[in-house]
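The values are calculated or read from the model by the stated rules, or taken from the named source; none is laboratory data. Only a predicted model underlies this, so the values are computations on that prediction, with no experimental measurement involved. Because the Cβ atoms are built from the backbone with ideal geometry, glycine has one as well, and the counts that use them run over all protein chains shown. Just so you know, the surface numbers come from the protein's heavy atoms only, side chains and all, with ligands and any DNA or RNA stripped out. Shrake-Rupley method; radii C 1.70, N 1.55, O 1.52, S 1.80 Å.
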Amino acid sequence: MRKIYYHKDSKRGLKRTYERLVEEVNELGEALTKNKKTSAEEFADVLAWLASLANITKVNLEDAALKKYNYKCPKCGKLKCECTFEN
Ligand SMILES: [Zn+2]
């Protein structure tokens, strides 16, 4: 995503990129609730905009995800979460 879109993402800026992410999350929600067959594409769009937002804020998304969720629940530490609360 950085190679494809960073030059555009950095010009668009944080606020407008965040707004695009929210729009895509809403579209994913609509696709899921209406059982559209295109929901896989909506997941890809959400991931792409999340990656764009991470890039312009200098967050390495892969490192962040692995640091927090490295094959275990960050709360209980188990591979298969055993937390009793809903999350
Ligand atoms: Zn857990």
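Heavy atoms of the protein chains alone define the surface here; on that basis region 37-87 has 82 Å² accessible area per residue at 1.4 Å probe size.
Across the cross-link table entries Lys11/Lys78; Lys15/Lys67; Lys8/Lys75, which are compared at the Cα atoms, the separations over 31 Å belong to Lys11/Lys78; Lys8/Lys75.
If we count trypsin sites (Lys or Arg not before Pro) as exposed when they sit in a DSSP loop and have at most 16 other beta carbons within 10 Å, what is the longest stretch of the chain that avoids them all? Within the chain, the longest run free of exposed trypsin sites (Lys or Arg not before Pro) spans 1-33. Normalised by the number of residues in region 17-79, the mean separation of alpha-carbon contacts (under 8 Å, six or more apart) gives a relative contact order of 28 percent. The simple spin-label model puts a point 7 Å past each Cα toward its Cβ; for Ala44 and Arg16 those points are separated by 2.5 nm.
Scaled against 2.2 N^0.38 Å for its residue count N, the alpha carbon radius of gyration of the chain is 1.30. In the chain, the sites counted are GluC sites (Glu not before Pro) in DSSP loop states with at most 10 other Cβ atoms within 10 Å, and the longest stretch holding none of them, exclusive of the sites, is 1-81.
Share of carbon and sulfur in the accessible area of region 1-48 stands at 57%, probe radius 1.4 Å.
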